[in-house]
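Written below as structure tokens is the structure these notes are about.
The values are calculated or read from the model by the stated rules, or taken from the named source; none is laboratory data. Since this is a predicted model, take the numbers as computed values, not measurements. Quick reminder, even Gly has a Cβ in these numbers, built from the backbone with ideal geometry, and neighbours come from all protein chains shown. Calculation scope for accessible area: heavy atoms of the full protein, side chains included, ligands and nucleic acids excluded. Shrake-Rupley method; radii C 1.70, N 1.55, O 1.52, S 1.80 Å.
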Amino acid sequence: MIDEKELALARRHPRGTERRRLLPYRDALNDVTAYAALPIADRDVIVRWAETRRRIKVRDGIDHDPANLADPLLSAERLRAHVLAGECAASGRPAFTDTGGDLLALVDLLRRP
């Protein structure tokens, strides 16, 4: 469960929070195979941040700004698509239709046998 305290921190400092959470996973965020090879606990960190990003985008409109070349924040949609592709690869599924909504719930479905 992502609580209000976590969302508030992400809203106040989205770029710094993203950097702290995702920097250790730089290779996995650039390669689906590297993502799929991560242990579940590490993938969970990425999934949780991707869902946090979705929520702050929906509630507050905070997302990647393509006009700001110095903006390191990843696009919420691109991050989500990468997470779903990586989870498909990790589970051996050929494809998965993103129905939108809570990413934690979708990933849980993908991880079920």
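Listing for the model above:
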item: Given (1) open to solvent by 70 Å² or more (accessible area, probe 1.4 Å); (2) at pLDDT 95 or above; (3) among the aliphatic types (A, V, I, L, M); (4) closer than 17 Å to residue 103 by Cα, number of the condition residue 46 does not satisfy; result: (1)
item: Identity of the residue in the stretch 16-39, exposed (fewer than 15 other Cβ atoms within 10 Å of the Cβ) and either touching a residue at least 40 places away in the same chain (Cβ under 8 Å) or polar (S, T, N, Q) (or both), that ends up nearest to residue 62 (Cα to Cα); result: 19
item: Residue check, residue 104 in contact with a Leu (Cβ under 8 Å, 6 or more places away or on another chain) and within 24 Å of residue 33 (Cβ to Cβ); result: no
item: Qualifying residue in the stretch 92-109 (condition: in contact with a Lys or Arg (Cβ under 9 Å, 6 or more places away or on another chain), open to solvent by 80 Å² or more (accessible area, probe 1.4 Å) and not charged (D, E, K, R)); result: no
item: Selection status of residue 77, at pLDDT 90 or above, in contact with a helix residue (DSSP H, G or I) (Cβ under 8 Å, 6 or more places away or on another chain) and under 26 Å from residue 4 (Cβ atoms); result: no
item: Filtered residues of the stretch 3-43 (kept if in a loop (DSSP other than H, G, I, E, B) and under 13 Å from the mean Cα position of the chain (by Cα)); result: none
